[in-house]
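The values are calculated or read from the model by the stated rules, or taken from the named source; none is laboratory data. Quick caveat, the model's predicted, so the values are computed rather than measured. Here the Cβ positions follow ideal geometry from the backbone for every residue, glycine too, while neighbour counts run over all protein chains shown. Ligands, DNA and RNA are stripped out before the accessible areas are found, and what is left, the full protein with its side chains, is counted by its heavy atoms. Shrake-Rupley method; radii C 1.70, N 1.55, O 1.52, S 1.80 Å.
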Amino acid sequence: MKYCIPALPCLLMLLIAPARAELTGAQTSDLSLSLFNDVVMPAQRALADNTAQLASSMNALCARPNDTTLAAAQSAWKNTSNTWNRIAPLRLGPNRQRDVMLTFEAAAVDDALLKKTVSTTPDDPVSPKSVFESAHLPAGASGLPALEKLLFADSKAPPLPALQKGKSCQFGRWVAGGMARRGQTLIFEWNSMAEGMKYNPAYHTPFLTEALKNAAVGARTIATHQLAAGEVSPLPDFFPGWRAGTSKADVTAGIDGIEYVLLGSPSGMGFDDMLIAHDRQDIVDGLKERLINTRLALTALPGNYASQPGASRGEIVILQRRLNELADYIEGPMTDAMGVPFKK
């Protein structure tokens, strides 16, 4: 502990020390509800819609496998992946549940396990019983990665012939049906949380604390998971979405999601509004500077970086650095200025 003698210099130090944004109960409530209603729920509804469309597209593809139905299913997969990546870095509310992670963010595909799991596909993969059981498919043979493998294959062979063999296409219907069910049940769970936030003020503080903390964690996760931090010579399959060519789009979606939580939607409130209200424009300026630096590094990243990671190593490393700098700022100056954990 540091002591000041005499008392006057101590008083002066207190007077010139940067103020914290001590949110009142009303401000905490307004900010959390704005982030909930204007940022979180629109993304969750989009996820439910996208997964429903993906399941429908898989049904059409298996009924009439051709280039047109394949393209529609691929487009639905990309929309679902993009929407999930906008939500994923924040790990808020019901999305933190383990089964949700396994459904939308399973481990990299294990070819041997996938082949074995495909062979267990039910005769009616979209019956209520089968769709319910799809939640227990193993990591490495489930979720978005497994569907990506089926729908996009890789450079070695086109996807349609493989989809028409055995139970492969029916397995795709099974996985997609389970994802659509989970996307819809997540809406119910988020709506229940909304009721709690409406009637219990105790919900608001932890929601905001988690949102701010996970914005930083999410930035680091993008740097490590989606950009293969620590790998000197990464292969394409180190990067999620490499088969579908969505790696950069998914990174962009993740950064978008983090920025929306920090700054709010154009029609709502964000942490920046609270900081400005408490005369901390300096912190907002610092945050926006790091967001701009991250965007500039993202713009420089080639769209095909996942297929040619060696040629894009410099750009990948710079973006990793900018994301970690953003995370450091959120966890440091911004968290301190906000007075996290917030007053109840």
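For the range 61-73, what does the Karplus curve 6.51 cos²θ - 1.76 cosθ + 1.60, with θ = phi - 60°, yield as ³J(HN,Hα) per residue in whole Hz, taken in order and with x for Gly and Pro?
Each residue of the range 61-73 in turn: 5, 6, 6, 9, x, 8, 5, 5, 5, 5, 4, 5, 5 Hz.
Report, ordered by chain and residue number, the aspartates and glutamates lying within cross-link reach of LYS213, taken as a straight Cα distance under 18 Å and ignoring same-chain residues fewer than 8 apart.
Partners found: GLU22, ASP256, GLU259, ASP272, ASP273, GLU325, ASP328, GLU331, ASP336.
Picking from ALA72, GLY93, VAL40, whose Cα lies most toward the positive end of the charge dipole for the range 29-118 (charges on Cβ: Lys, Arg +1; Asp, Glu -1)?
ALA72
Whole number please: convex hull volume per residue of the Cα set in the range 95-226, in Å³?
116
Report D for the range 109-161 in µm² per second (integer): Stokes-Einstein, Kirkwood Rh on Cα pairs, 20 °C, 1.002 mPa s.
Here the translational diffusion coefficient equals 179 µm²/s.
Considering only THR68, THR205, THR117, give the residue with the highest GNM mean-square fluctuation for the chain, with springs between Cα atoms whenever their separation is below 10 Å.
THR68
Quick check: at a probe of 1.4 Å, how many percent of the accessible area of the range 264-314 sits on carbon and sulfur atoms?
53
Give me the Debye-computed log₁₀ of I(q)/I(0) at q = 0.18, 0.21, 0.24 Å⁻¹ for the range 180-284, equal point scatterers on Cα only, no solvent, two decimals.
-1.09, -1.20, -1.28
Report the FRET efficiency, 1/(1 + (r/R0)^6), for THR120 and ALA162, where r is their Cβ-Cβ distance and R0 is 22 Å, rounded to 0.05.
For R0 = 22 Å, the calculated efficiency reads 0.80.
So what is the orientation-averaged projected area of the range 45-126, using the convex hull of its C-alpha atoms, in nm²?
6.4
Which pairs, out of LYS116/LYS165; LYS165/LYS248; LYS149/LYS248, put more than 23 Å between their alpha-carbon atoms?
Long pairs (Cα-Cα over 23 Å): LYS165/LYS248.
What residue among ASN304, ASN82, ASN324 has the largest mean-square fluctuation in a Gaussian network model of the chain, using Cα springs under 10 Å?
The residue that fluctuates most here is ASN304.
Can you give me the % of accessible surface on the range 19-146 that is carbon or sulfur? Probe 1.4 Å, all protein chains present, nothing else counted.
C and S atoms contribute 53 percent here.
When the gyration tensor of the chain is built from Cα positions, what are the square roots of 5 times its three eigenvalues, in whole Å, from largest to smallest?
42, 24, 15
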